[in-house]
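*Asks:* Questions regarding the structure given below will be posed in turn.
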Amino acid sequence: MTTRELNLADIKKVKNGTIVTPIGFSTDGVHAGLRFEKKDFGVIVSEVPANCAAVYTLNSFQAAPLYVTKESVAVENKLQAVVVNSACANACTGEQGLKDAYTMRNACAEKLNVAPHYVAVASTGVIGELLDMEKIINGINLLNPVGSLQHAEAFQTAILTTDIVMKTACYETTIDGKIVTIGGTAKGSGMIHPNMATMLGFVTTDANIPSDVLQEALCSITNVSFNQITVDGDTSTNDMVIVLANGMAENNTLTPDHSDWASFYEALRLTCEDLAKQVARDGEGATKLIEVNVTGATTHEAANIIAKQIVGSNLVKTAMYGADANWGRIICSVGYSGVTINPETVNVSIGDILMLQNSQPQSFNEEQAKAYLQQDVVIVNVDLQQGNESGKAWGCDLTYDYVKINASYRS
């Protein structure tokens, strides 16, 4: 079977779509008492065991929930529920933390009447503190998963920590004449420099796709979405992205040989990229989203490295906050990225304003540049003029509020 050429018209963004828009998913979010007033505990449930894929933080100090989730996934590569708490990361908590993560998994399985290995566990919040298991059990007992927008928003709220806004994305495409939907939500605002951040991502789809194929697709897509965002250069102990595919759209089994594979892959990529950009935009104290496009690289990997180096530079980030068109900070980041470049052929522009051509400064209108940098979204373009490969990365500006938020995180 030959994969047909991708037609972007086949993929649609679903207005008001959520993680329960795909067939067969429900969710809930409740106040268990881990936080003072806000919702802090939630669950995503599939009607049937779903094929799954997951990526995890590369931080050497991995939180207890990650060990439990990996063990659950390893049994059948299927999950039916994901239970999540905020306020406490359950990281660096030793044997007791691991025991608590198992208790959380098993209690949720009993509540939902599913096998324990069909439940994944995720936590986010302060590192080094034990979970209050009385409140965790209370939260589990309060859960009442429903496939409604209200319940999806309750879950999206429950997983937040210092986030200002909920993050959600939903796309659909047609596979074998059937509508296949992909919905996702994420949390993340600070400690964001994923290498798979207190970044958690959950994606649901009713597509019929094997776990191994889904895993390969997720790993590939993560490298051009979640792994290309940075807020502060810190990689958390709890990063996790999970995809559940329950097959209830009843399409023929998806593989790279399927004629509609390109449409599914692109819809999944768009969902992940959409969520990643929302995480970057909601960086702690941020006032704007920064997108860096690098072209003319010798390899895609080199372009991605440079793009992420630029958007992660504190000097670039502070210049963006101050609406200062200091292109020298951009070119400096390119130079120390570790990628071999030709220092005499680089072009740099901010928006459509050309500032450097063939590594030579260009005159530009400072007031026009300042006005552009005061917008909510700033795009930086760098052309290395060395090859045909490109890459992107996303981040945010660095503000006074970032320091204020993180100086009093535990209070």
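*Asks:* Yes or no: residue 134 open to solvent by 40 Å² or more (accessible area, probe 1.4 Å) and touching a Cys at 6+ places or on another chain (Cβ under 6 Å)? Write out each step before concluding.
*Replies:* Working: open to solvent by 40 Å² or more (accessible area, probe 1.4 Å): yes; touching a Cys at 6+ places or on another chain (Cβ under 6 Å): no.
Taking the combined requirement at face value, the residue does not satisfy it.
*Asks:* Could you run through segment 252-301 and say how many residues are open to solvent by less than 10 Å² (accessible area, probe 1.4 Å) and assigned to a helix (DSSP H, G or I)?
*Replies:* 10
*Asks:* Hey, residue 334 hits all of (1) open to solvent by 20 Å² or more (accessible area, probe 1.4 Å); (2) under 27 Å from the mean Cα position of the chain (by Cα); (3) over 14 Å from residue 230 (Cβ atoms) but one; which does it fall short on?
*Replies:* Single failed check for residue 334: (1).
*Asks:* Pull out all pairs, ordered by first then second residue, where Cβ-Cβ is under 8 Å, the residues are six or more apart or on different chains, the first lies in segment 173-189 and is outside any strand (DSSP E or B), and the second is modelled with pLDDT of 95 or more.
*Replies:* 176/251; 176/252; 176/260
*Asks:* Mind counting the residues in segment 361-372 that are surrounded by 13 or more Cβ atoms within 10 Å (Cβ to Cβ) and either within 21 Å of residue 295 (Cα to Cα) or in contact with a His (Cβ under 8 Å, 6 or more places away or on another chain) (or both)?
*Replies:* Count: 1.
*Asks:* How many residues does segment 139-172 contain that are of a type in the set (S, T, N, Q), open to solvent by less than 70 Å² (accessible area, probe 1.4 Å) and in a helix (DSSP H, G or I)? Spell out how you get there, then give the answer.
*Replies:* Step one: filter segment 139-172 for residues of a type in the set (S, T, N, Q), giving 141, 144, 148, 150, 156-157, 161-162, 168.
Restricting the remaining residues to those that are open to solvent by less than 70 Å² (accessible area, probe 1.4 Å) gives 148, 156-157, 161-162, 168.
Next cut, in a helix (DSSP H, G or I) only: 156-157.
The total comes to 2.
*Asks:* As an exercise: evaluate residue 209 against (1) open to solvent by 10 Å² or more (accessible area, probe 1.4 Å); (2) modelled with pLDDT of 95 or more and give the number of the one condition it does not meet.
*Replies:* Just one mismatch for residue 209, condition (1).
*Asks:* Further, regarding this structure: Considering only segment 147-200, state which residues are among the small types (Gly, Ala, Ser), touching a helix residue (DSSP H, G or I) at 6+ places or on another chain (Cβ under 7 Å) and at pLDDT below 80.
*Replies:* 188, 190
*Asks:* Tell me whether segment 99-112 contains one or more residues that are within 23 Å of residue 227 (Cα to Cα), buried (at least 23 other Cβ atoms within 10 Å of the Cβ) and out of contact with any His (no Cβ under 9 Å at 6 or more places or on another chain).
*Replies:* Of the residues in segment 99-112, the ones within 23 Å of residue 227 (Cα to Cα) are none.
Checked segment 99-112: no residue is within 23 Å of residue 227 (Cα to Cα), buried (at least 23 other Cβ atoms within 10 Å of the Cβ) and out of contact with any His (no Cβ under 9 Å at 6 or more places or on another chain).
*Asks:* On to the next question. Restricting to segment 1-58, name every residue that is buried (at least 19 other Cβ atoms within 10 Å of the Cβ), outside any strand (DSSP E or B) and touching a Phe, Trp or Tyr at 6+ places or on another chain (Cβ under 9 Å).
*Replies:* 11, 17, 18, 19, 20, 31, 32, 34, 39 - these are the residues of segment 1-58 that are buried (at least 19 other Cβ atoms within 10 Å of the Cβ), outside any strand (DSSP E or B) and touching a Phe, Trp or Tyr at 6+ places or on another chain (Cβ under 9 Å).
*Asks:* Moving to a separate point now. From the residues in segment 78-97 that are open to solvent by 10 Å² or more (accessible area, probe 1.4 Å) and in contact with a helix residue (DSSP H, G or I) (Cβ under 8 Å, 6 or more places away or on another chain), which one is nearest to residue 53 (Cα to Cα)?
*Replies:* Restricting to residues being open to solvent by 10 Å² or more (accessible area, probe 1.4 Å) and in contact with a helix residue (DSSP H, G or I) (Cβ under 8 Å, 6 or more places away or on another chain), the top hit is 78.
Conditions tested, residue by residue: (1) in contact with a helix residue (DSSP H, G or I) (Cβ under 7 Å, 6 or more places away or on another chain); (2) under 23 Å from residue 304 (Cβ atoms).
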site: 327; (1), (2): no, yes
site: 339; (1), (2): yes, yes
site: 342; (1), (2): no, yes
site: 345; (1), (2): no, yes
site: 351; (1), (2): yes, yes
site: 364; (1), (2): no, no
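*Asks:* Any residue in segment 351-358 that is of a type outside the set (Phe, Trp, Tyr) and assigned to a helix (DSSP H, G or I)?
*Replies:* Pass one, segment 351-358, residues of a type outside the set (Phe, Trp, Tyr): 351-358.
With assigned to a helix (DSSP H, G or I) added as a condition, the list becomes none.
No: segment 351-358 contains no residue that is of a type outside the set (Phe, Trp, Tyr) and assigned to a helix (DSSP H, G or I).
*Asks:* Next question, about the same structure. Among the residues of segment 387-402, count how many are buried (at least 19 other Cβ atoms within 10 Å of the Cβ), in contact with a Gly (Cβ under 8 Å, 6 or more places away or on another chain) and over 21 Å from residue 321 (Cβ atoms).
*Replies:* The number of residues fulfilling the criteria is 0.
*Asks:* If you don't mind, another one. If I ask for residues that are open to solvent by less than 10 Å² (accessible area, probe 1.4 Å) and more than 23 Å from the chain's Cα centre (by Cα), which ones from segment 302-319 would you list?
*Replies:* Passing the criteria: only 319.
*Asks:* Further, regarding this structure: Part of a loop (DSSP other than H, G, I, E, B), open to solvent by 10 Å² or more (accessible area, probe 1.4 Å) and at pLDDT below 95, is that true of residue 248? Break it down into steps so the answer makes sense when it comes.
*Replies:* Numbers: part of a loop (DSSP other than H, G, I, E, B): yes; open to solvent by 10 Å² or more (accessible area, probe 1.4 Å): yes; at pLDDT below 95: no.
When the stated conditions are applied, residue 248 does not pass them.
The values are calculated or read from the model by the stated rules, or taken from the named source; none is laboratory data. As the structure is a computational prediction, the values presented were derived from the model and not from experiment. Ideal geometry is used to build each Cβ from the backbone, glycine not excepted, and the neighbour counts take in all protein chains shown. The protein model used for the area step is the full one, side chains on, heavy atoms only, and it has no ligands, DNA or RNA in it. Shrake-Rupley method; radii C 1.70, N 1.55, O 1.52, S 1.80 Å.
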